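Presented below is the structure to which this report refers.
No lab work stands behind these numbers, since they all come straight from the coordinates. The model shown is predicted, which means the values in this text are computed figures rather than measured ones. As a convention, Cβ positions derive from the backbone with ideal geometry for all residues, glycine included, and neighbour counts pool all protein chains shown.
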Amino acid sequence: MKKALLLVILTALMAGLVSAQKDSVKVQPRKHHALDAINGNGFYNRDSTWKIGGFLGFTVSQTALYQWAPGGSNNFSFLIGANAYANYKKKNVEWCTNLDLKYGMVANGLIRDAGLASRNFQKNIDVLQLSTNVGYQVKKELYISVKASFLSQLSRSYDYSQTDTTQARFRKYTVSKFGAPAVMTLGLGLTYKPKDWFTLFFSPAEGKLTYVSTDDAGRDTTGQYLGTAYLSNKYFSDVDETHFGLKTGTSVMAQFGAELDILFQKEVVKNVSWKSHLNVFESYTNNNYNTAMPFFYSVQDSMGTINISTKTQYIPTFTWDNDLVFKVNKFLSATLSTRFVYQYNAITPVDKVHNSNGAKGPDGLTDTDKKGVSITTYNKLQIFEQFGIGLAFKF
């Protein structure tokens with residue numbers, strides 16, 4: 001009996017020891033890889049202070065016509081969108097960095113050879129944006145922050161309506177390129193972050209620099225163009241600084257003002273993600289702000305210049321980006337992308353067809369209203385929208 005009782009006690013002790021060993025294994029930290037994935041929604045590093053992730057998508061849309069009686073035109077377009085982020089969080093310090101890229105082209109007409117492609121294959125969006133925000137937590141959802149950003153593009157953009165084809169030349173007029181314009185900001189303010197998917201930054205004191213390499217070719221000392229005889233290669237390769245709100249002959253526009261920056265990024269319903277980024281800037285002071293705007297006199301069929309008030313420099317500018325991603329399966333998705341830009345004194349291309357009689361105008365800088373009255377174009381909203389289906393990868 002004693003032996004049996006001793007055996008039961010020993011068995012119980014052994015079971016308890018094994019159970020204790022199993023429990024000890026459970027509480028021990030598991031071995032980590034350098035990064036741990038969290039369901040395709042980013043990666044955490046070993047101690048969870050860093051989280052990195054991103055999105056890469058490629059969408060296309062296409063129309064093909066062959067002997068199509070109602071008329072029309074072949075077209076093909078594509079859009080590449082990419083986003084990457086690296087977020088650091090430890091104790092009261094948070095550091096968030098975002099990189100956004102968008103690049104798209106569209107072809108209207110045939111592109112079966114290089115000559116046709118150079119005329120018909122045109123870029124419709126090109127965005128390179130890097131931003132970083134370092135904050136110190138003063139309350140549960142509030143941080144004192146310093147935010148910096150850089151905005152430009154990857155390659156040259158052209159105005160094909162001003163292409164020079166004389167003497168068998170095909171010189172495309174450059175509208176913008178990498179570093180022209182380049183917009184840099186630096187501001188001190190507060191960041192409100194109640195959730196991981198919502199961030200609001202407000203700075204009452206921010207500096208903003210807009211840089212554009214100057215375009216001097218083909219102009220006289222007053223800034224007026226001298227005519228086609230003076231249009232050198234530099235005229236077509238340089239960027240016109242007045243298109244981006246700068247005075248003629250200047251390369252830097254310095255501004256000091258307030259910024260509101262809101263970022264929303266979340267799966268709103270199952271398999272549908274929405275990223276929305278709104279940025280508003282209000283200028284207190286503005287050096288080299290352009291107040292000379294082009295104006296088309298329809299009666300004389302000529303261009304002139306009008307002056308706008310310097311007070312217009314205080315009108316806020318804004319940029320609002322939206323991306324809706326509809327997930328079909330692991331790699332296939334449909335994407336709707338929009339971009340809205342408003343800058344009061346930026347010169348924008350417009351429809352060159354008269355709204356009343358359908359007649360074509362001589363320039364791409366002005367327009368007419370429904371009554372045929374000439375209007376300027378510096379205060380118009382710029383809109384980009386594209387929808388397509390393609391491949392998407394989230395990491």
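Candidates Asn288, Phe256, Thr335 compared by Cα position along the dipole of segment 249-348: farthest toward the positive end lies Thr335, with charges placed on Cβ.
Taking 0.36 nm per residue of separation and subtracting the Cα-Cα distance, full extension of the segment from Val341 to Ala292 would add 15.6 nm. Counted by neighbouring Cβ atoms within 10 Å, the residues Trp68, Trp197 run from fewest to most as Trp68, Trp197.
Between Lys247 and Leu391, the simple label model (points 7 Å from Cα in the Cβ direction) yields a spacing of 5.1 nm.
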